[in-house]
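Data block below; observations after.
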Amino acid sequence: MNDMDPAKTCLLIIPKKFYSFEKIIGDALKAKGYEVTVSNDEYPEGTLGKIMGKLQLPILSNITYKTISENYLKNKTYDVALIFKGRGISEKLIAEMKRSVKRIVAYNWDSFKYNPGPLKWYKSVSKYYTFDYNDADNYNIPSLALFTSSTAPVAAEKEIKYDLSYVVRNHSERLLYIDKVLNILKPENVFIYIYEMNIFTLVANFIKNPRLYLKLKKYIFNKPLSYSNYTDAIKYSRFTIDYAHSDQTGITMRCFEANKMGTKLITNNMYMKRSDCFNSSNTIIYNLGDDEAKLLNDYQNIGNIRSLVKNRDINDFIDDFLK
């Protein structure tokens with residue numbers, strides 16, 4: 001596609017309430033000359049739709065089909081439709097879309113373990129991508145890495161306030177991981193913010209490991225950290241931790257954002273070096289049970305060197321998506 005082509009039209013089907021993805025991706029498409037029409041990826045919208053989607057109730061795809069067909073496809077045409085996640089999408093809707101859309105491209109920013117809905121229709125679109133490397137290998141589909149939303153130039157000098165930062169929602173083995181890393185590295189200045197989503201997760205996580213929960217209690221909060229404070233924590237850190245869930249192997253946006261800010265990573269994600277944005281100059285891969293001396297040695301060796309890696313921003317992502 002030529003960015004200067006006039007009147008290109010795009011139907012962007014995306015979870016509207018998923019962070020700021022709708023605006024970030026919509027703005028990037030508009031900057032490339034697209035007129036963008038936005039639809040949610042599942043109907044009804046809101047809490048009810050999310051519950052129906054999580055339970056994979058068949059009525060969700062029926063309501064989504066009716067809503068998108070009548071409100072976004074009837075008497076309309078588009079050069080391209082981009083589907084993100086697509087939990088309410090069905091093969092029937094894809095067939096209907098093909099009557100109005102020249103090309104349909106879709107992307108799963110979850111693993112199929114967490115978002116299995118596209119397994120019913122992913123072979124029906126023009127191109128299907130996943131952010132999850134394991135799914136890409138197992139289903140023989142192309143992987144497409146995420147990005148940093150920032151297009152600002154990299155700062156010449158990096159200001160360090162924290163040796164280590166860790167901003168996460170509490171689940172899986174995240175408390176065990178940070179406790180182990182702190183014990184090994186003994187950083188002097190840290191920024192740790194562990195978000196407990198509700199009373200039910202609090203009780204479950206406390207029962208799972210009460211000793212550790214009480215030990216780290218001063219870092220656990222019942223409100224999410226604001227986005228500006230989250231980015232500042234990463235920006236002013238020498239290292240930040242990205243803990244990948246065991247059922248997801250894609251590289252998170254946090255990693256690309258950290259890379260752009262010159263912040264190095266400690267992560268348990270074994271797939272990091274599948275991206276040319278990450279290597280031994282900016283990323284330490286450490287899993288529970290790995291050699292503790294090696295973690296400490298790597299931490300001391302790369303902490304003060306400048307990363308020699310490329311950055312990947314939203315424009316790189318959109319260009320690859322539209323190939």
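The values are calculated or read from the model by the stated rules, or taken from the named source; none is laboratory data. Computed from a predicted structure; not experimentally measured. Here Cβ is always computed from backbone atoms with ideal geometry, including for glycine, and neighbour counts include all displayed protein chains. Ligands, DNA and RNA are stripped out before the accessible areas are found, and what is left, the full protein with its side chains, is counted by its heavy atoms. Shrake-Rupley method; radii C 1.70, N 1.55, O 1.52, S 1.80 Å.
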(request) Could you grab me the full set of residues in the range 179-217 that are open to solvent by 80 Å² or more (accessible area, probe 1.4 Å) and either without any contact (Cβ under 8 Å) to a residue 12 or more places away in the chain or among the hydroxyl-bearing types (Ser, Thr, Tyr) (or both)? (result) LYS186, ILE199, PHE200, ILE207, LYS208, ARG211, LEU214, LYS217
(request) Return the only residue of GLY46, GLY88 being touching a Gly at 6+ places or on another chain (Cβ under 9 Å), small (Gly, Ala, Ser) and over 23 Å from LYS30 (Cα atoms). (result) GLY88
(message) Please count how many residues of the range 20-50 are part of a helix (DSSP H, G or I), within 23 Å of LEU146 (Cα to Cα) and of a type in the set (A, V, I, L, M).
(response) 5
(message) With the requirement that a residue be free of Cβ contacts under 8 Å to residues at least 40 places away in the same chain and touching a Phe, Trp or Tyr at 6+ places or on another chain (Cβ under 8 Å), what does the range 23-54 give you?
(response) SER39, GLY49
(request) Report the residue count in the range 77-94 for those that are in contact (Cβ under 8 Å) with a residue 60 or more places away in the chain and over 22 Å from PHE18 (Cα atoms). (result) 3
(message) Looking at the range 1-39 only, could you name the residues that are among the polar types (S, T, N, Q), at pLDDT below 95 and closer than 22 Å to TRP109 by Cα?
(response) SER20
(request) State yes or no: is PRO58 without any contact (Cβ under 8 Å) to a residue 12 or more places away in the chain and of a type outside the set (S, T, N, Q)? (result) yes
(request) Note down all Cβ pairs under 6 Å where the first residue falls in the range 107-136 and is in contact (Cβ under 8 Å) with a residue 60 or more places away in the chain and among the small types (Gly, Ala, Ser), the second is crowded, with 20+ Cβ neighbours inside 10 Å and not in a loop (DSSP other than H, G, I, E, B), and they're at least six residues apart or on different chains. (result) SER111/ASP135
(request) Considering only the range 218-242, state which residues are among the hydroxyl-bearing types (Ser, Thr, Tyr), buried (at least 22 other Cβ atoms within 10 Å of the Cβ) and under 18 Å from the mean Cα position of the chain (by Cα). (result) THR240
(message) Tell me the residue from LYS17, LYS32 that is touching an Asp or Glu at 6+ places or on another chain (Cβ under 6 Å) and either open to solvent by 10 Å² or more (accessible area, probe 1.4 Å) or among the small types (Gly, Ala, Ser) (or both), please.
(response) LYS32
